[in-house]
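This report concerns only the one structure given below.
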Amino acid sequence: MAYEEFFNLIKQQHVKVKDELTRLQKVTSTSEAMELWSQFKRDIVPHLKGEEKYFYGALQKSPDCKEVSDKALGEHHWATGVLNELDQMPKNEDWAVKLAGFKDAIFGHITFEEGEVFAKARQCLGETQLRDILTNYKDEEKRVLATMAT
Ligand SMILES: [Fe+2]
Ligand SMILES: [Fe+2]
């Protein structure tokens, strides 16, 4: 059912992103860190952009969902900033310290999104809207991924 399909896709991607962050914390070499980091970026950046543009874009227009959406978008903004910092840094011990804080924040954001945000979104968005969001989200993911360096 399209109604749940969008939420299920997002949840599947969250599982992957959490797994990658957990693995990133356990890397034993710089080359391993760089390889896994680049894979992580290719998963999380299209996810963030797709959510922002179409999911939160729709929630922003609904008065009952505006507040929860503002909070989530604020977290995305922060996460994108730290992601860019981590991207520029050499993958050393300072990087690992920063990564630990980033990981905690992302785990917290995912809990918030799957709990409070999805519950609210089910009230604010209809099935047709969710079907469109799913289609547009997938297109945006592909578009963003194509703009990213490998
Ligand atoms: Fe998010
Ligand atoms: Fe998400």
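The values are calculated or read from the model by the stated rules, or taken from the named source; none is laboratory data. Quantities reported herein were computed from a predicted structural model and do not represent experimental measurements. Using ideal geometry, Cβ is built from the backbone for each residue, glycine included, and neighbour counts are taken over all protein chains shown. Keep in mind that these areas ignore ligands, DNA and RNA; they rest on the heavy atoms of the full protein, side chains included. Shrake-Rupley method; radii C 1.70, N 1.55, O 1.52, S 1.80 Å.
Helix 66-88 and the long axis of the chain differ in direction by around 20°, with both axes built from C-alpha atoms.
Per Stokes-Einstein, at 20 °C and 1.002 mPa s, what whole-number D in µm² s⁻¹ belongs to region 78-138, with the Kirkwood radius over Cα pairs as the hydrodynamic radius? Stokes-Einstein gives a translational diffusion coefficient of 154 µm²/s. Comparing Phe102, Ala149, Leu48 along the charge dipole axis of the chain, the residue lying farthest to the positive side is Ala149, per the Cβ-charge model. Only Lys, Arg, Asp and Glu carry charge here, each on its Cβ (+1 for the first two, -1 for the last two); on that basis the chain has a dipole of about 180 debye about its Cα centre.
When the solvent-accessible area of the chain is split by element, carbon and sulfur atoms take up 52 percent of it, the probe being 1.4 Å. Computed from the alpha carbon atoms alone, the convex hull of region 110-150 holds 73 Å³ per residue.
Note on the chain: percent of Cα-Cα distances in each 5 Å bin, starting at 0 and stopping at the bin with the largest distance, equals 2, 9, 19, 22, 19, 13, 9, 5, 2, 0.
Computed from backbone phi, the HN-Hα couplings of region 23-31 come to 5, 4, 6, 10, 5, 10, 9, 5, 5 Hz, rounded to whole numbers (Karplus: 6.51 cos²θ - 1.76 cosθ + 1.60, θ = phi - 60°; Gly and Pro given as x).
Accessible area per residue for region 2-147 is 53 Å², calculated with a 1.4 Å probe on protein heavy atoms, without ligands, DNA or RNA. Helix 93-112 and the long axis of the chain differ in direction by around 20°, with both axes built from C-alpha atoms. In the chain, if the dipole is taken from +1 on Lys/Arg beta carbons and -1 on Asp/Glu beta carbons about the Cα centre, which of His14, Trp78, Ser62 is farthest to the positive end? My answer, from the dipole projection, is His14.
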